[in-house]
1. When Asp142, Asp161 are ordered from fewest to most other Cβ atoms inside 10 Å of their Cβ, what list results?
2. Place +1 on the Cβ of every Lys and Arg and -1 on the Cβ of every Asp and Glu in the stretch 27-111, take the dipole about the Cα centre, and give the residue among Gly60, Leu29, Ser47 whose Cα lies farthest towards its positive end.
3. Counting only other residues whose beta carbon sits under 10 Å from that of Gly60, what net charge do I get with K and R as +1, D and E as -1?
4. With Cβ to Cβ distances under 13 Å as the rule, what net charge do the other residues near Tyr41 carry (K, R +1; D, E -1)?
5. Please tell me the relative contact order of the stretch 20-154 in percent, rounded to the nearest whole number, where contacts are Cα pairs under 8 Å and at least six residues apart.
6. Could you tell me the largest-minus-smallest coordinate of the C-alpha atoms of the stretch 138-260 on each of the three principal axes, in descending order and whole angstroms?
7. Mind checking Rg over Rh on the stretch 1-109, alpha carbons, Kirkwood formula for Rh?
Amino acid sequence: MTATPSPIRIFEPEGRAIPYVDEGQGPALVLIPGARLNVTYLGTLASVLVEEDFRVARIGSRRPVAGAAVTMHDLAQDVIDVMDHIALPDAWIGGHAFGTAVARTVALDHHDRVNGVLMLAADGPEPATAEAAQALETVFSDAADADILAAIPALAGEGADAQATWNILRQARDLEAAHVQLAAQSATPDAEWAVLEQSTPVLIIQGDDDRVTPPANGEALQAGAPHLVTTTLVPGGGHLFPATHPGETAAIIEDYLDWD
């Protein structure tokens, strides 16, 4: 019997509207979706982890408020405020792509609440290929379905089912959140979020066919902090591997946390 998906709830402290889903029982994980994506994007990964006896809280970006300035520290505080709201004292904090930037900021600003950082596709000095950068713009535009389907292999890997991937992205696209995310990153110096908290372990998972955040970025972070960082690859995974390879991704997380 298929479990009924948990509903998306909205927490509104001080007028902020922060979407979240909290499900499962056991060791706690927080998952933060990537830029321009809502919490449904990581839903299948969360479901697999819940079946493996984890508690998973997915926390999205607050809604934009006219005239309200926002920084990466504010987005990190949103995560902590939701954790307080759902009585989650500590957790592994993870995210995909832009979500990793928020997770790192949470670890820096609130390290006592963070058991570890889970980075699904790590940003770094190695840029996206031109093809992948263009594919991102196409997928998050009003392009025709045929153009989007043609762009998806550059994001999901050549072996991914383009139609199934587009079905996930179609409901997960959140262009309203993009305004908040871009403003927060633009308002915050890289040194305030892009470094690693020096007492917090980090697990980096990347697709070996990721052309947006290439695996070299994770390798660079590991080289700079080998005592903290563990890296591993999802074979055949592109940038969107948390959605296209949820079982493989969940298995890596479970194996690491059992070992850790």
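1. Asp142, Asp161
2. Going by the Cα projections, it comes out as Gly60.
3. Values: positive: Arg58, Arg62, Arg63; negative: Asp78, Asp174.
Computed value for this residue: +1.
4. Working: positive: Arg36, Arg58, Arg170, Arg173; negative: Asp174.
Its environment carries a net charge of +3.
5. Details: 207 pairs, mean separation 31.3, N = 135.
Computed over the stretch 20-154, the figure is 23 percent.
6. Between the extreme Cα coordinates on each principal axis of the stretch 138-260 lie 47, 35, 22 Å.
7. Values: Rg = 13.3 Å, Rh = 14.0 Å.
Taking Rg over the Kirkwood Rh, I get 0.95.
Each reported figure results from applying straightforward, stated rules to the coordinates on display, with no laboratory input. Here the structure is a predicted model, which means the values were calculated and not measured. With ideal geometry, Cβ positions are generated from the backbone for all residues, glycine too; neighbour counts draw on all protein chains shown.
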